[in-house]
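Novice: Sending over a structure as structure tokens; questions will come in a sec.
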Amino acid sequence: MKSAGTRTVKLRGRANAVTFHVFDPRHIEDLLNEDRPVVWREDDAHVAAENRRRAAGKAALARVARHQDGKVSETEGNKDVGVRAPLAGWDAFAADGLLR
């Protein structure tokens with residue numbers, strides 16, 4: 001939202017003045033007529049759900065790493081959690097000790 005300016009007021013009982021943004025009433029009316037707040041709330045809900053899902057996945061990886069090694073590696077918390085498909089042929093590498 002575009003600010004039409006700021007206003008500063010000194011409220012009774014407060015030591016400092018309070019500054020806040022003011023908006024053009026016609027602009028606010030247009031936003032409300034287009035149901036923009038509803039769209040913004042839906043977008044925020046989707047972003048919050050995605051962030052919770054990503055955080056839960058990172059926490060799960062950290063718990064698994066802590067359980068296996070007794071500590072969490074530095075790069076473990078920075079990875080995005082995704083679905084990983086099993087790769088064929090990796091058992092031979094693991095049997096030779098090449099994967100650690």
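Novice: Looking at Val72, Val18, Val22, which is the one that is over 21 Å from Met1 (Cα atoms) and either assigned by TED's automatic domain parsing to the domain that holds Ser3 or modelled with pLDDT under 90 (or both)?
Specialist: Being over 21 Å from Met1 (Cα atoms) and either assigned by TED's automatic domain parsing to the domain that holds Ser3 or modelled with pLDDT under 90 (or both) holds for just one of Val72, Val18, Val22, which is Val72.
Novice: Criterion first (at pLDDT 70 or above and under 30 Å from Met1 (Cα atoms)) does Asp91 satisfy it?
Specialist: no
Novice: Can you find a residue in segment 37-55 that is assigned to a loop (DSSP other than H, G, I, E, B) and surrounded by 10 or more Cβ atoms within 10 Å (Cβ to Cβ)?
Specialist: no
Novice: Considering only segment 25-36, how many residues are part of a helix (DSSP H, G or I) and farther than 19 Å from Ser3 by Cβ?
Specialist: Qualifying residue count for the region: 1.
The values are calculated or read from the model by the stated rules, or taken from the named source; none is laboratory data. Keep in mind that what you see is a predicted model, and the values were worked out from it rather than measured. Here the Cβ is made from the backbone with ideal geometry for all residues, glycine too, and neighbour counts use every protein chain on show.
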